[in-house]
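Participant: Attaching a single structure in structure tokens format; questions to follow.
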Amino acid sequence: MENGTHLGSAWQDSPEVPSLIKHISSNDVAGFDDMTSLTKDQCQTSESESHSPSNDGDETEPIYHRQRVHSVSISMPQSPVAVHLQNTRRVLFSSDTIFEDGIPDASVVSGAACGEPPKHHSQPIRTAAAYNEAIGGGQFSYHQSIRRLKDKRYDSFKTWSGRLERQITLLRGKSPPESKTEDEKVPNREVEKNLPVHRYFDALEGPELDTLKASEEMVLPDDKTWPFLLRYPISSFGICLGVSSQSIMWKALATSAPAKFLHISLRVNLVLWCISIALIATVASIYLLKMVIYFEAVRREYYHPIRINFFFAPWISLLFLALGLPPSVANNLPPALWYVLMTPIFCLELKIYGQWMSGGQRRLSKVANPSNHLSVVGNFVGALLGASMGLKEGPIFFFSVGLAHYMVLFVTLYQRLPTNETLPKELHPVFFLFVAAPSVASMAWAKIQGTFDYGSRIAYFIALFLYFSLAVRLNFFRGFKFSLAWWAYTFPMTGAAIATIRYSNEVRNVITQAMSVILSAAATLTVTGLLITTILHAFVLRDLFPNDMAIAVSDQKPIPQKKWFHLRHGSSDSKDIEQYLKFAGSDGKDLEASLKHQNY
Amino acid sequence: MDDQNQSQPQIEITIDAPNDTEQPHREPLIIIRRSSSLILTKFHGGHFRISLSLCSQALLWKTLGDPIDDAHAFQRVLSMLPSNAFLFLWSLAFFTLISQSLLYILRCFFRFEMVKNEFFHHVGVNYLFAPWISWLLLLQSSRLIAPTTIYYQVFWCASVLPIVVLDVKIYGQWFTKGPWLLSTMANPASQLSVIGNFVGARAAAQMGWRECALFLFSLGMTHYLVLFVTLYQRLSGSSSLPVMLRPVFFLFIATPSIASLAWESIAGNFDVSSKMLFFLALFLFMSLVCRPALFKRSMRKFNVAWWAYPFPLTVLALAATKYVQEVRGAKAHALMLLLSAVSVLASLALIIITALTSNNIFSQNSQEHSA
């Protein structure tokens, strides 16, 4: 079970409540000492620490367990010590009130929120749960504004509406009529905590960590299609990566000497370049909109161990745009542009590499996955662009940083450490990202040195080897759900093609020319196929943007529900509670032990 | 609830409190009344950080004060630095190093058990390199002994031999010894062994012994690669280094800087490889500086581990001076001045703080922290 620090149930002294429950205290629910001092603020702070993961549309009795689940499970303090510091701590079992008063109490409960006499201490989980059930279920229609509230399920992820509501509720103070807004607010605070990285590992599966495990729950409803913005992942920037790298490739094909026999005109490059600009503008503006309206969702993507790497994608696409600049548009770019483009990459990588180095939750041995190549490739692309602009020191700086961290990443990924939870067990298109870094590094080094010298060749051959070892395993790339992130995996193929063209510039013979043609054709075919698939999914199957489960991960592991059936009817049923506690996880033992000391 | 919040972490802190000394528990500390014995007991390899920092600072001042042809305006200003200041610093470094070496020799005689325990500790063993590195740095920074004289060569051999012997022992242990796993024992202080190789390589190159220099350099570079990857992977999480020793993270900066200096001596000029190493060091410096939370807990109370800060900053500044000689430009000069200022300030600050709290270094409550 997750550590009990999050959740508080504050229990108020009440005759119906067994002293057992009374003594179980929550760990860190601030301000829950005193009922009279309970204000909405306190409820809210406690809510912020407490958590209601469930928002499932499961309407029937599981609701009870669910409420019970959340309140009880989370209320288990981590250590027996907590139990003893109980004079100012109280345990609140929401379920208690519910059990006693039956179903109809749900509304009272939700309405009661904070500050009502004994039973109705603001139980954040309970209220949230009730609220959520109320919304999802539709059974609890005694809640007047339920219809209006339907749309507010996503408020927990909204930026402005959430804050505004909170301010309003704060200003108004506590009162039952406010319960609606407070209920809305409750999920807000709950989801605004930082999700620890292991939650992502526990709750999600799949090579891109985007499928929710069966046993997990979401904070957003899974029966409805979410608002479009909520479904719009950062990996959509992969399309920009794919298309802009294509424009570079066609430019290289048109301008380099060995490929002149193909007679490719620069117009292809121009068209692709314009398309890339349009794409980047569109994707960026949509994502910007998402950031403004649903900042919480963006935050959750940022903390996702795989999606964080896609935050480099917009900047790399911009770098690609600059690299693929058609000669007809402009010949030289101002160096200041390079500094502007590299600054976000620099800041992002300071954060990410620092996380790798300083250990802790997000250390490399735990989170290494092929998508991390995206964070390393940015350095090489920047070095390439800077060197082609004529800068000297800056490109070397980024090249060395990229090289050092690429080495670390490469070794870690090859090791497939047992502590590594994110590596896909089977082959997946994400593995093509392995080819990206060495091919771009070889081009960057060639530009820095001026010629395609030994260092570049070594890097290029490594890229080629990795490409071939993946290509011969093409058979195993099967059975994967299409996702927009696949676009990001095409740019390594394109990068390898461009590197081959540069190499054939240096070493000109039939083989290298043939290879450049073959690799370019392969890249183009892949992109075309991907384009068709995307269009298919977008317009025919209409599932290009499925519900993005990766961001809806709940804070805590749900407790297995079947244990709960007994607990519905017995606040006095301490045996069942103990029984539950036994199953509640490692903390249960402690609690049990402490409970035994209790006088009840 | 807040108390509860805090009480829980408090409990954790007491358990984790890095008051555990470097000595494994089988060696109880016998507290003897005589202060000299107390000093011998409390002195440990980690104290060599002080001499390391001071010697490198002396080297920096010497490099800054050296006259250069075609000097930029900034450099001309620096060369006007009073040579007295340099002499004073050099003497201070010399005196510190001599006294610490003597203390350690005495400790070997009278507290051999403790020295042995240090040797077997995964953090303490690396500080056995520190005295030799300090001697080499001091040698390089002396204006009296030129690199071509016999004294220099003899001194070099005397300093490098123990480094090589320790290398053979430690690096051999990395890949042969069963229960001693690099993946669990590696910690940022392990970079001291690599630094030792690089410093020896640089000194050798300055003497003209290119093959020796290349030998030491390749030795250092290979193990640096392995260590760098291992440290970045953090297989064991943050548990290999106690919280109080977080300043040792700054050693990440020192290794590539020293490597770039060594390569510069071998190659003859600050070429692309040296630049790349220097930039890597610069990036790591910026990365660490942007993470103050990492060091917060260790900064609450002064302890000898704080001396881990000046040395890496100084070698970074040294590498910057060499960089500036290659790449002349206002920005490079500004960078060099900034780094030098930071290192000088850090050293000064630490000297002052140490002087003010000089009781603490050898007091009963001082934490023994080569561990």
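The values are calculated or read from the model by the stated rules, or taken from the named source; none is laboratory data. These numbers were taken from a predicted model, which means no experiment stands behind them. Methodologically, a virtual Cβ is constructed for each residue, glycine included, from the backbone with ideal geometry; neighbour enumeration extends over all protein chains shown. For accessibility, only protein heavy atoms count, side chains too; no ligands or nucleic acids. Shrake-Rupley method; radii C 1.70, N 1.55, O 1.52, S 1.80 Å.
Participant: Based on what the data block shows, is B:Ser260 within 13 Å of chain A (Cβ to nearest Cβ) and at pLDDT 95 or above?
Facilitator: Working: within 13 Å of chain A (Cβ to nearest Cβ): yes; at pLDDT 95 or above: yes.
The answer is yes for B:Ser260.
Participant: Among the candidates B:Phe249, B:Phe295, B:Phe279, which residue alone is surrounded by fewer than 23 Cβ atoms within 10 Å (Cβ to Cβ) and either assigned to a helix (DSSP H, G or I) or in contact with a Leu (Cβ under 9 Å, 6 or more places away or on another chain) (or both)? Write out each step before concluding.
Facilitator: Working: B:Phe249 fails: surrounded by fewer than 23 Cβ atoms within 10 Å (Cβ to Cβ); B:Phe279 fails: surrounded by fewer than 23 Cβ atoms within 10 Å (Cβ to Cβ).
B:Phe295 is the lone residue from the list that is surrounded by fewer than 23 Cβ atoms within 10 Å (Cβ to Cβ) and either assigned to a helix (DSSP H, G or I) or in contact with a Leu (Cβ under 9 Å, 6 or more places away or on another chain) (or both).
Participant: Identify, from the list B:Leu345, B:Leu316, the residue that is open to solvent by less than 30 Å² (accessible area, probe 1.4 Å), of a type in the set (A, V, I, L, M) and under 19 Å from the mean Cα position of the chain (by Cα).
Facilitator: Values: B:Leu345 fails: open to solvent by less than 30 Å² (accessible area, probe 1.4 Å).
Sole residue among the options that is open to solvent by less than 30 Å² (accessible area, probe 1.4 Å), of a type in the set (A, V, I, L, M) and under 19 Å from the mean Cα position of the chain (by Cα): B:Leu316.
Participant: Right, A:Ala521: within 25 Å of A:Phe237 (Cα to Cα), among the small types (Gly, Ala, Ser) and open to solvent by 40 Å² or more (accessible area, probe 1.4 Å) or not? Step through it out loud before you land on a result.
Facilitator: Working: within 25 Å of A:Phe237 (Cα to Cα): yes; among the small types (Gly, Ala, Ser): yes; open to solvent by 40 Å² or more (accessible area, probe 1.4 Å): yes.
Yes: the conditions hold for A:Ala521.
Participant: Do we find that B:Lys322 is free of Cβ contacts under 8 Å to residues at least 40 places away in the same chain and charged (D, E, K, R) in this structure? Before the answer, list the steps.
Facilitator: On the way: free of Cβ contacts under 8 Å to residues at least 40 places away in the same chain: no; charged (D, E, K, R): yes.
Against the criterion (free of Cβ contacts under 8 Å to residues at least 40 places away in the same chain and charged (D, E, K, R)), B:Lys322 does not qualify.
Participant: Can you name the residue in region A:342-373 that is of a type in the set (Ser, Thr, Tyr) and more than 12 Å from chain B (Cβ to nearest Cβ) and, of all such residues, is surrounded by the fewest Cβ atoms within 10 Å (Cβ to Cβ)? Give the steps one after another, and end with the answer.
Facilitator: Taking region A:342-373 first, the residues of a type in the set (Ser, Thr, Tyr) are A:343, A:353, A:358, A:365, A:371.
Retained after the next criterion (residues that are more than 12 Å from chain B (Cβ to nearest Cβ)): A:343, A:371.
Working: A:Thr343: 11, A:Ser371: 25.
Looking at the filtered set, the residue picked out is A:Thr343.
Participant: Here's something else I'd like to know. Residues of region A:196-242 being assigned to a loop (DSSP other than H, G, I, E, B), in contact with a Phe, Trp or Tyr (Cβ under 7 Å, 6 or more places away or on another chain) and surrounded by fewer than 19 Cβ atoms within 10 Å (Cβ to Cβ), which ones?
Facilitator: Selection gives A:Pro227 alone.
Participant: When you look at B:Gly196, is it more than 14 Å from chain A (Cβ to nearest Cβ) and on the phi > 0 side of the Ramachandran plot, yes or no? Write out each step before concluding.
Facilitator: Values: more than 14 Å from chain A (Cβ to nearest Cβ): yes; on the phi > 0 side of the Ramachandran plot: no.
No, not satisfied.
Participant: Does A:Ser317 satisfy the condition of being farther than 22 Å from A:Leu241 by Cβ and among the hydroxyl-bearing types (Ser, Thr, Tyr)?
Facilitator: Values: farther than 22 Å from A:Leu241 by Cβ: no; among the hydroxyl-bearing types (Ser, Thr, Tyr): yes.
The answer is no for A:Ser317.
Participant: Here are the criteria: (1) out of contact with any Phe, Trp or Tyr (no Cβ under 7 Å at 6 or more places or on another chain); (2) in a helix (DSSP H, G or I); (3) more than 14 Å from chain B (Cβ to nearest Cβ). Tell me which single one A:Lys447 does not satisfy.
Facilitator: Among (1) out of contact with any Phe, Trp or Tyr (no Cβ under 7 Å at 6 or more places or on another chain); (2) in a helix (DSSP H, G or I); (3) more than 14 Å from chain B (Cβ to nearest Cβ), the lone unmet condition for A:Lys447 is (3).
Participant: Inspect all residues belonging to region B:170-190 and state whether any of them is basic (Lys, Arg), free of Cβ contacts under 8 Å to residues at least 24 places away in the same chain and surrounded by fewer than 14 Cβ atoms within 10 Å (Cβ to Cβ).
Facilitator: The first filter runs over region B:170-190 and keeps only residues basic (Lys, Arg), leaving B:177.
Filter once more, so that each one left must be free of Cβ contacts under 8 Å to residues at least 24 places away in the same chain: B:177.
Remaining after also requiring surrounded by fewer than 14 Cβ atoms within 10 Å (Cβ to Cβ): B:177.
The answer is yes, given that some residue of region B:170-190 is basic (Lys, Arg), free of Cβ contacts under 8 Å to residues at least 24 places away in the same chain and surrounded by fewer than 14 Cβ atoms within 10 Å (Cβ to Cβ).
Participant: Just give me the residues in region A:449-465 being surrounded by fewer than 22 Cβ atoms within 10 Å (Cβ to Cβ), hydrophobic (A, V, I, L, M, F, W, C) and in contact with a helix residue (DSSP H, G or I) (Cβ under 6 Å, 6 or more places away or on another chain), in sequence order. Walk me through how you get there before you give the answer.
Facilitator: Start the filter on region A:449-465 by keeping residues that are surrounded by fewer than 22 Cβ atoms within 10 Å (Cβ to Cβ), which leaves A:449-455, A:457-458, A:461-462, A:464-465.
So of that shortlist, the ones also hydrophobic (A, V, I, L, M, F, W, C) come out as A:452, A:458, A:461-462, A:464-465.
Correct list: A:Phe452, A:Ile462.
Participant: Inside region B:285-297, can you point out the residues that are facing chain A (nearest Cβ under 8 Å) and of a type outside the set (Gly, Ala, Ser)? Let's see the steps before the verdict.
Facilitator: So the first thing to find is which residues in region B:285-297 are facing chain A (nearest Cβ under 8 Å), and the list is B:286-288, B:290-291, B:294.
Listed by number, the residues that qualify are B:Met286, B:Leu288, B:Cys290, B:Arg291, B:Leu294.
Participant: What about A:Val376, is it in a helix (DSSP H, G or I), within 14 Å of chain B (Cβ to nearest Cβ) and buried (at least 20 other Cβ atoms within 10 Å of the Cβ)? Break it down into steps so the answer makes sense when it comes.
Facilitator: Details: in a helix (DSSP H, G or I): yes; within 14 Å of chain B (Cβ to nearest Cβ): yes; buried (at least 20 other Cβ atoms within 10 Å of the Cβ): yes.
The answer is yes for A:Val376.
Participant: Tell me, yes or no, whether region A:536-550 has at least one residue that is open to solvent by less than 40 Å² (accessible area, probe 1.4 Å), under 28 Å from A:Ile396 (Cα atoms) and in contact (Cβ under 8 Å) with a residue 12 or more places away in the chain.
Facilitator: no
Participant: May I pose another question? For region B:298-311, give me the residue count where each residue is in a helix (DSSP H, G or I) and either more than 16 Å from the chain's Cα centre (by Cα) or within 14 Å of chain A (Cβ to nearest Cβ) (or both).
Facilitator: So in region B:298-311, the residues in a helix (DSSP H, G or I) come out as B:298-299, B:304-308, B:310-311.
Going one step further and asking which of them are either more than 16 Å from the chain's Cα centre (by Cα) or within 14 Å of chain A (Cβ to nearest Cβ) (or both), we end up with B:298-299.
Selection size over region B:298-311: 2.
Participant: Right, something else. Of all residues in region A:312-348, which are part of a helix (DSSP H, G or I), among the β-branched types (Val, Ile, Thr) and in contact (Cβ under 8 Å) with a residue 12 or more places away in the chain? Outline the logic, then answer.
Facilitator: Narrowing region A:312-348 to residues part of a helix (DSSP H, G or I): A:312-323, A:335-348.
Adding the requirement that they be among the β-branched types (Val, Ile, Thr) leaves A:316, A:340, A:343, A:345.
Result: A:Ile316, A:Ile345.
Participant: Shifting gears a bit: So for region B:192-215 (the condition being within 25 Å of B:Arg246 (Cβ to Cβ), outside any helix (DSSP H, G or I) and among the aromatic types (Phe, Trp, Tyr)), does at least one residue qualify?
Facilitator: No, every residue in region B:192-215 fails to be within 25 Å of B:Arg246 (Cβ to Cβ), outside any helix (DSSP H, G or I) and among the aromatic types (Phe, Trp, Tyr).
Participant: Still on this structure, I have one more. Among the candidates B:Val248, B:Val226, which residue alone is touching a residue at least 60 places away in the same chain (Cβ under 8 Å), within 19 Å of B:Val123 (Cβ to Cβ) and within 13 Å of chain A (Cβ to nearest Cβ)? Write out each step before concluding.
Facilitator: Working: B:Val226 fails: touching a residue at least 60 places away in the same chain (Cβ under 8 Å).
Testing whether each residue is touching a residue at least 60 places away in the same chain (Cβ under 8 Å), within 19 Å of B:Val123 (Cβ to Cβ) and within 13 Å of chain A (Cβ to nearest Cβ) leaves just B:Val248.
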